[in-house]
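Take a look at the structure below.
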Amino acid sequence: MDMLIFNIGALVSPIGKTAKAGDAQGEVMTISNAYIYIQDGVIVEIGQGKPDYKTQQEIDAEGRLVTPGLVDAHTHLVFGGWREHELPLKLSGVPYLDILAQGGGILSTVRATRKASQEELQMKALAALKVMLAHGTTTCEAKSGYGLDMQTELKQLRTAKELNKLQPISIVSTFMGAHAIPEEYQDRRDAYIQWLIQEMLPIVADKKLANFCDVFCETGVFSANESKKILCAAKSLGLGAKLHADEITSIGGSELAGEISAISAEHLIAATDEGIASLKKGNVIACLLPATSFYLGKPYARAADMIKAGVAVCVATDFNPGSCPSNNLQLAMNLACWNYRLLPSQVLTAVTLNAAAAIGLSRETGTLEAGKRADVLIWNCDSLDYVFYRFGENLVKTVIKDGYIVAKN
Ligand code: NIG
Ligand code: FE
């Protein structure tokens, strides 16, 4: 099966197979009057004009903007229920961590996820994935962490794996059994951590249910020392390390991420200069989640300082029922541009190549180049600036995944 996309007004893409940091974050290739020739789901050639190939499918981009498909490198995709009942609490100023400490927040989603069947979780996540695809996400990450027991964590991870077969978005799984201390272990946190390390992690690794392990390193959740124990155990089993670090308070999360060379550190709202220096030293990708800052009414992470310090920045949604009930990566892109004061080209790299690198897929996707998967977006406009100038409306026109048209708006 082959395909030619021609009459592309502006083809804009970062270039390369590894994350871009510093000045390189904003350096993207722009080709006018471009074409992309695709064979069997892979980009074979990119050029200018219209080549004289006989192809099975031709798509006239009618002068529009074309970019790589978006990569959402941080989601909590599979969960039961929602948490709209927390809205009045949040509006009245009850802090996110207080709701959790009172047995709500993550723990209330844990109760709903334990109750839900795998079919129910699957249907719910499938509906979310459909919206994500229509908004241009062609690859995403999915974390577990709403089970906190063997059966439910496995149910979440199996759901994510199954979803790969049921719809076009490629899903990479992350095990996040260290998302909170479950209610039944409230007074025995060491026992829970022991159980995670000795019982749960080996099964996740053995059954190949996740590529990464993530820990919520936060005041009242897991300390930096506890996070280190869990992530070192995960690494010794072949899983990559990720870390929810400095989301609300700075307790050494970004310092730890650098020390253990985590593939990425997430949130980083409260990251200090020392934390940022440690990320740089450990070659850690900063996975920033501006829609969570918006939703929690928190400051925005110091993206420009991170880029200046030579840290590669990725932007993702954090889709989850508590701190970010939105899976629209375009919205996160807008928020990143205006609140981090990043240029459109820097944000594009953040949601494509750097995001792919944050989930270990930058050799396969995240740019428009020969040899990469044909994950391509045709936008309903002709310049990258327009994508960031408008907001609140889906600006993607056509989504192509692995060489097939999978969504049209
Ligand atoms: O990234 N901080 C921890 N995890 C999620 C929120 C999960 C929830 O509130 O359900 C986050 O913000
Ligand atoms: Fe998160």
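Readers should treat all values here as calculations from the given coordinates under stated rules, not as data from a laboratory. Note that this is a predicted model, so its numbers are computed, not measured. Because the Cβ atoms are built from the backbone with ideal geometry, glycine has one as well, and the counts that use them run over all protein chains shown.
Quick check: residue separation of Lys54 and Ala370 times 0.36 nm, minus the Cα distance between them. What number comes out in nm? Don't skip to the answer; put the middle values down first.
Working: separation 316, 0.36 × 316 = 113.76 nm, distance 1.88 nm.
So the extension gain works out to 111.9 nm.
Rounded to whole Å and sorted largest first, what semi-axes of the equivalent ellipsoid does the C-alpha gyration tensor of the stretch 67-112 yield via the square root of 5 times each eigenvalue?
Calculated on Cα positions only, the semi-axes equal 26, 14, 10 Å.
Could you run the Debye sum over the Cα atoms of the stretch 6-151, one equal point scatterer each and no solvent, and tell me log10 of I(q)/I(0) at q = 0.12, 0.17 Å⁻¹, two decimals?
Result of the Debye calculation: -0.76, -1.02.
Mind giving me the nanometre distance, one decimal, between the label points for Lys308 and Ala134, set 7 Å out from Cα along Cα→Cβ?
So the label points at Lys308 and Ala134 sit 4.1 nm apart.
What's the extension gain from Asp40 to Arg188 if we count 0.36 nm per residue and subtract their Cα-Cα distance?
So the extension gain works out to 48.0 nm.
Longer than 19 Å from Cα to Cα, which of Lys143/Lys372; Lys208/Lys401; Lys161/Lys208; Lys155/Lys401; Lys20/Lys165 are they? Say none if no pair is. Before the final figure, lay out each step's value.
Working: Lys143/Lys372 25 Å; Lys208/Lys401 24 Å; Lys161/Lys208 10 Å; Lys155/Lys401 27 Å; Lys20/Lys165 31 Å.
Pairs exceeding 19 Å: Lys143/Lys372; Lys208/Lys401; Lys155/Lys401; Lys20/Lys165.
Gap in Å between the Cα centre of the stretch 194-259 and the Cα centre of the stretch 126-161?
So the separation of the two Cα centres works out to 19 Å.
What translational diffusion coefficient, in µm²/s and rounded to a whole number, does the Stokes-Einstein relation yield for the stretch 71-358 at 20 °C and a viscosity of 1.002 mPa s, taking the hydrodynamic radius as the Kirkwood radius over Cα pairs?
On the way: Rh = 18.5 Å.
My calculation gives 116 µm²/s for D.
Could you check the spin-label model distance between Lys165 and Asp2? Points 7 Å from the Cα along Cα→Cβ, value in nm.
Here the modelled spin labels are 3.3 nm apart.
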